[in-house]
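Have a look at the structure below, then the notes.
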Amino acid sequence: VQLQAFGGGLVQAGGSLGLSCAASGSRNIVVRGVVGWYRQAPGKQRELVAKFTADSSTHYADFVKGRFTISRDIRKNTVYLEMTGLNSEDTAVYYCYLNKVGVYYWGKGTLVTVSS
């Protein structure tokens, strides 16, 4: 399984940005495990942002609730993260991941920088 994230960049505070994560190596992989996004800000630990759980419900970290939306397209084997109301604290490298039966797969991160 390989994951590749796209869509990072520079955005002004209050703006929006969308990330996508394309999975390859296994058909319909985005619905065959826990899939989602983590982020890591400079000098901080990696933290969960949002995910689809094994029963396909969504889970969001408190700090993004109401601002970020996770979605997926099974046919495209892609997971998305739509981010709105961005602020400087959202500046981080964002990583998509897949947890399939306890095995973690990570995509290379994509940098999101929010300017104030």
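The values are calculated or read from the model by the stated rules, or taken from the named source; none is laboratory data. The structure displayed is predicted, hence computed values, not measured ones. Note that each Cβ is placed from the backbone with ideal geometry, even for glycine, and that neighbours are counted across all protein chains shown. Protein only, heavy atoms only, side chains kept; ligands, DNA and RNA dropped before computing areas. Shrake-Rupley method; radii C 1.70, N 1.55, O 1.52, S 1.80 Å.
General remarks:
- Virtual spin-label span in nm between Ala13 and Leu111, 7 Å along Cα→Cβ: 2.1
- Within the chain, antiparallel bridges make up roughly 90 percent of the DSSP beta bridges whose residues both belong there.
- The fraction of accessible area contributed by carbon and sulfur in the chain is 48 percent, rounded to a whole number (1.4 Å probe; ligands and nucleic acids excluded).
- Per residue, the range 68-113 exposes 51 Å² of accessible surface when a 1.4 Å probe is rolled over the protein heavy atoms with every protein chain present.
- Computed lengthening from Asn28 to Asn99, 0.36 nm per intervening residue step minus Cα-Cα distance: 24.2 nm
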